[in-house]
Structures are given as C-alpha cells and as structure tokens.
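The values are calculated or read from the model by the stated rules, or taken from the named source; none is laboratory data. Predicted model only: the values in this text are computed from it and were never measured. Reconstructed Cβ throughout: ideal geometry from the backbone, glycine too, with neighbour counts over all protein chains shown.
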Amino acid sequence: MRASVCRVRRASIDYVPLRSSEPSHAPAFIPNYLAEPDDVRAMIQGVRQIRKILSSQPIASGVVEEIAPGPQAQTDEQLLEFMEKEGNCAFHLAGTCKMGRDSMAVVDGRLRVVGVDRLLVLDASIMPQVTAGNTNAPSTIIGEKGSDMIRQDAMPCRPVPTNLRCDGAPDLRCTAVAWLARCLINSNLIPLVGDSAAAKIP
C-alpha cells in the first residue's frame, strides 16, 4: 500500500517569476519546498503519524515491510533528507494568478486579468489559497462560474438593419456583407427559403 504526507497550508511560499520580457520564454518555477522550519516540523510529524497508523491492527497485518523511507530512517535529519530527495508537488498546483483586490492580485472578482482587456483566467490558479481537499471540484466550479460571467459580459449581437437598398450606397449603419447578401437576394441570385422564392426584400 501507499501512504503519503502533504501539507496543504504550508508556510513556505513558492513563486513563478518571468525570465525575460520575451513572451516565448517559459517562466521560472521556484517551488521553495521545506524552506520554513514549521513545514519541516509538520512533515516529519506526519511521517511518524503514518508509521503509527500502519503499525496498528488490523492494518499492520497487511504490511510486510516499509520500503520508503525505510526502517533505517529514524531521526528527524534522516527523514528530512529523504523528503528533500524524494518529495514532490502531488500535481495539484494552484494560486499562480491570485484573485483579489490587493497589489498581488492578478485577476479581479470577475476573473479578468488586471490591466489586460478581454483576457480571463478560469482555473485553479486564481485561488488565493489552495483548498484543503482535492482541487478537482473547486476547479470545475470556477470554470462553470467563469463561463456564466463570460456570457453575462458578452457584447450583444448587433441587429442586421432592414433599410438597405441595391440602387445605391448602403446605409452607413449596415455592414458590407449584409448589404451584399440582401442585394443578391433581391436580384434572385440567392433564393429565399420559406414563403416564396420570388419574394423581394425592400
């Protein structure tokens, strides 16, 4: 079996700085794991707690041996060395585009990137603080809520004007494509689908 320790609300802060002003350059990733003593203490305590649970019955009856970090790792220093070599992020990254109103916020309350028009972020990166549980459900809700906001903020379609004529220039409010289409219909080059193929549109 496999058991692991993960400190969700860690004190160590990671960051993703830009490498340059060139958009094609990938940003840097500084995870900064175990940089704070409180995180080290909590993780070591977690490993010891897992060992305690797995050594109690009835679970202990199904355990043959501990493979990693192994029974030889007993001191705090040995456990920390193992975590530094084998530790990982668990693939639940979040919080790189924080939502908020402070100077560190990347997106506002409607998920719009501050200072950039028509750009939104709709995923776990907007979380100011990662959830204590799995990030799948919150990410789905962010996407659903974000899509609602996109629909609410969308510009309404402009109606196609009806005051078009083919014997002169179109009304300035009309688009060239709409004007051309209506001229073709009135010239019977495009048959109307519906009441009459010979119908005219004034």
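Does A28 meet the test of being in contact with a Leu (Cβ under 8 Å, 6 or more places away or on another chain), surrounded by fewer than 14 Cβ atoms within 10 Å (Cβ to Cβ) and either assigned by TED's automatic domain parsing to the domain that holds N134 or outside any loop (DSSP other than H, G, I, E, B) (or both)?
It is false that A28 is in contact with a Leu (Cβ under 8 Å, 6 or more places away or on another chain), surrounded by fewer than 14 Cβ atoms within 10 Å (Cβ to Cβ) and either assigned by TED's automatic domain parsing to the domain that holds N134 or outside any loop (DSSP other than H, G, I, E, B) (or both).
Is it the case that the stretch 4-18 has a residue that's surrounded by fewer than 14 Cβ atoms within 10 Å (Cβ to Cβ) and farther than 24 Å from G95 by Cβ?
no
Would a scan of the stretch 70-80 turn up a residue that is without any contact (Cβ under 8 Å) to a residue 12 or more places away in the chain and among the acidic types (D, E)?
Yes, the stretch 70-80 contains a residue that is without any contact (Cβ under 8 Å) to a residue 12 or more places away in the chain and among the acidic types (D, E).
Is it the case that N88 is among the polar types (S, T, N, Q) and in contact (Cβ under 8 Å) with a residue 12 or more places away in the chain?
Spelling it out, it is not the case that N88 is among the polar types (S, T, N, Q) and in contact (Cβ under 8 Å) with a residue 12 or more places away in the chain.
Give me a count of the residues in the stretch 62-76 that are within 16 Å of Q45 (Cβ to Cβ) and over 37 Å from the mean Cα position of the chain (by Cα).
3
Here is a check on your reading of the model: is Y33 in contact (Cβ under 8 Å) with a residue 40 or more places away in the chain, under 24 Å from M104 (Cα atoms) and outside the structural domain of V106 (by TED's automatic domain parsing)?
Yes; evaluated as a whole, the condition is true for this residue.
Is it true that some residue in the stretch 41-50 is within 18 Å of N88 (Cβ to Cβ), under 22 Å from the mean Cα position of the chain (by Cα) and either not in a helix (DSSP H, G or I) or not basic (K, R) (or both)?
no
I'd like to verify a number: residues in the stretch 98-123 that are farther than 26 Å from D14 by Cα and surrounded by 17 or more Cβ atoms within 10 Å (Cβ to Cβ), how many?
Looking only at that region, the number is 0.
Yes or no, residue by residue, for (1) in contact with a Pro (Cβ under 7 Å, 6 or more places away or on another chain); (2) without any contact (Cβ under 8 Å) to a residue 12 or more places away in the chain; (3) among the aromatic types (F, W, Y):
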site	(1), (2), (3)
A60	no, yes, no
V63	no, no, no
L93	no, no, no
K98	yes, no, no
M104	no, yes, no
G109	no, yes, no
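For residues that are surrounded by 18 or more Cβ atoms within 10 Å (Cβ to Cβ) and part of a loop (DSSP other than H, G, I, E, B), scanning just the stretch 124-148, find the one that is modelled with the lowest pLDDT.
Among those that are surrounded by 18 or more Cβ atoms within 10 Å (Cβ to Cβ) and part of a loop (DSSP other than H, G, I, E, B), it is T135.
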